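Read-outs throughout are calculated quantities, based only on the coordinates presented, and are distinct from any laboratory measurement. Just so we're clear, the structure is a prediction, and the values are computed from it rather than from any experiment. Please note: Cβ atoms are built from the backbone with ideal geometry, for glycine as well, and neighbour counts cover all protein chains shown.
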C-alpha cells in the first residue's frame with residue numbers, strides 16, 4: 001500500500017517502478033521551490049526519505065544513496081512561505097478542499113509554507129545522487145528517464161528552464 005498522496009499523482013508509474021511502497025512525504029529534504037507564472041505552477045524539488053529497494057543497477061554501482069524528484073502543482077493560489085533557508089527537512093501534508101483542489105502545507109523547523117492547487121500532482125526528473133557530508137546535492141547524478149540522463153550528469157543551474165519549469 002502506498003501513501004495517500006500517491007493517489008493524486010497524474011503519473012505514478014515511475015515511482016511505482018522503484019518502490020514497492022512509495023514513502024510518505026514526511027522528513028523529506030526540501031531543496032528548492034520554483035514559481036512559474038505560466039500556469040500558475042509551483043514545483044518542489046525534494047529528496048524522498050527512503051532510497052528505493054528496486055533502484056536501477058547503475059544507481060547502485062555509482063553508490064547513490066538518495067532519490068530526488070520534482071513535484072509540480074498547477075493552478076496554484078494563496079501561497080505563503082515563511083522561514084525559507086534551503087535545504088530544510090520538512091513534512092508535506094496534503095488535504096482536499098472544495099472544487100477538486102488541495103491544500104498543501106509544508107512544515108519543518110526552518111520553514112512554514114502553504115498553498116492551494118489543483119488536485120493533480122505531476123512528478124518528474126526522478127534521479128539519484130550520493131549525499132555529501134555537508135548535506136548538499138551537487139556532484140554526480142543519475143536519472144530515471146533516458147532524456148534527463150542524456151542531458152544532465154549533475155544538478156543543472158537554476159537558470160535551466162527545461163529542468164526547473166518543465167516536467
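A few notes on this one:
- Here the spin labels are modelled as points 7 Å beyond Cα on the Cα-Cβ line, and at residue 13 and residue 97 they lie 3.3 nm apart.
- The convex hull drawn around the Cα atoms of the stretch 1-54, when projected onto a plane and averaged over every direction, covers 4.3 nm².
- Gyration tensor (alpha-carbon) shape descriptor, the stretch 44-85, a/c threshold 1.5: prolate
- Here residue 88 and residue 167 are evaluated by their C-beta separation; at R0 = 22 Å the FRET efficiency comes out at 0.50.
- Seen from a random direction on average, the alpha-carbon convex hull of the stretch 57-126 projects onto 5.9 square nanometres.
- Scattering profile of the chain at q = 0.10, 0.15, 0.16, 0.21 Å⁻¹ [log10 I(q)/I(0), Debye over alpha-carbon scatterers]: -0.35, -0.82, -0.94, -1.68
- Across the chain, C-alpha contacts under 8 Å between residues 6 or more apart give a mean separation that, scaled by the residue count, equals a relative contact order of 21 percent.
- 14 Å cut-off, amide nitrogen to a point 7 angstrom out along residue 131 Cα→Cβ, residues in the stretch 47-81: 47-52, 64-68
- Gaussian network model of the chain, springs between alpha carbon atoms under 10 Å - residue of 120, 77, 142 with greatest fluctuation: 77
- Added length on full extension, which subtracts the Cα-Cα distance from 0.36 nm per residue, residue 110 to residue 60: 14.8 nm
- Helix-only CD estimate at 222 nm, as mean residue ellipticity for the chain, using -39500 (n - 2.57) per DSSP H run (n ≥ 4): -2000 deg cm²/dmol
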